[in-house]
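Trainee: Sending over a structure as structure tokens; questions will come in a sec.
No value in this document is a laboratory result; all are computed from the given coordinates. A quick note: this is a predicted structure, and the numbers were derived from the prediction, not measured. Virtual Cβ from ideal backbone geometry, glycine too; neighbours counted across all protein chains shown.
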Amino acid sequence: MADFNIAVVVGSLRRDSMNRRLAFAIAKLAPPRFSFAHASIGDLPLYNQDDDATPAESVKRLKATVGASRGLLFVTAEYNRSMPGVLKNAIDHASRPYGHSAWAGKPAGILGVSVGASGTCMAQQHLRNTLAYLDVPTLGQPEAFIQFKDGLFDESGEIAGGSRKFLQAWMDRYVAWIEKHAG
């Protein structure tokens, strides 16, 4: 049984998402005391405050996944120099109604992969700003702005080459962060 259940939120819905691949691959670098539950966000309705009293089943499921976790892992794409709308929508749903945020106090890590040279740096920065407001202590260093290139993943979907060493170091820092801040 894992000591640390982590809710994973992938900010991309694309079937062949590089970020979904990264989320599954990086989880394999964690020690056995960590388990990862992927939160489904693709079926959430658009956030509407009028629905706070009677949330959709998909919203209840998201809040339950986040609520049952001891930490968070955000793996996000970058759209138009910011986080994808689907990710922001999920954050809004699980933070409401006001005073009942499922995110509050849960330590988090953020990373992402993109074909662009700057990885997902702007999306991550915008996400950090939002998480700071929601009282989510977020790992600051090392930052992980991964540029997708051939050889990032091997044939079995695991992280390969020089990226493996960097991402293992990232995971080691993330593990220490979660252990220090998880309630």
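Trainee: I'd like the full set of residues that are aliphatic (A, V, I, L, M) and under 14 Å from residue 27 (Cβ atoms), limited to region 145-169.
Mentor: 159, 167
Trainee: Might you check whether a residue that is more than 30 Å from residue 54 (Cβ to Cβ), in a loop (DSSP other than H, G, I, E, B) and in contact (Cβ under 8 Å) with a residue 60 or more places away in the chain occurs anywhere in region 75-94?
Mentor: yes
Trainee: Let me ask something additional. Which members of region 12-32 meet the condition of being under 11 Å from the mean Cα position of the chain (by Cα) and polar (S, T, N, Q)?
Mentor: 12, 19 - these are the residues of region 12-32 that are under 11 Å from the mean Cα position of the chain (by Cα) and polar (S, T, N, Q).
Trainee: Another question, if that's okay. Name the residues in region 1-25 that are in a strand (DSSP E or B) and under 14 Å from residue 174 (Cβ atoms), would you? Reasoning before the result, please.
Mentor: Within region 1-25, the first condition is being in a strand (DSSP E or B), and the residues that meet it are 4-11.
Result: 4, 6, 7, 8.
Trainee: Next up: Looking only at region 121-163, which residues are in a helix (DSSP H, G or I) and either without any contact (Cβ under 8 Å) to a residue 24 or more places away in the chain or in contact with a Leu (Cβ under 6 Å, 6 or more places away or on another chain) (or both)?
Mentor: 125, 128, 129, 132, 133, 161, 162, 163
Trainee: Considering only region 139-183, state which residues are among the small types (Gly, Ala, Ser), out of contact with any Asp or Glu (no Cβ under 6 Å at 6 or more places or on another chain) and surrounded by 14 or more Cβ atoms within 10 Å (Cβ to Cβ). Give the derivation first.
Mentor: First pass over region 139-183, keeping only residues among the small types (Gly, Ala, Ser): 140, 144, 151, 156-157, 160-163, 169, 176, 182-183.
Restricting the remaining residues to those that are out of contact with any Asp or Glu (no Cβ under 6 Å at 6 or more places or on another chain) gives 140, 144, 151, 156-157, 161-163, 169, 176, 182-183.
Those that are among the small types (Gly, Ala, Ser), out of contact with any Asp or Glu (no Cβ under 6 Å at 6 or more places or on another chain) and surrounded by 14 or more Cβ atoms within 10 Å (Cβ to Cβ): 144, 163, 182.
Trainee: Give all pairs with beta carbons closer than 9 Å in which a residue from region 1-25 that is under 20 Å from residue 167 (Cβ atoms) meets a residue that is basic (Lys, Arg) and assigned to a helix (DSSP H, G or I); count only pairs at least 6 apart in sequence or on separate chains.
Mentor: Going by the 9 Å Cβ cut-off, the qualifying pairs are 10/20; 11/88; 12/20.
Trainee: If the requirement is being under 19 Å from residue 21 (Cβ atoms) and of a type in the set (A, V, I, L, M), which of these qualifies: 83, 122?
Mentor: The match here is 83.
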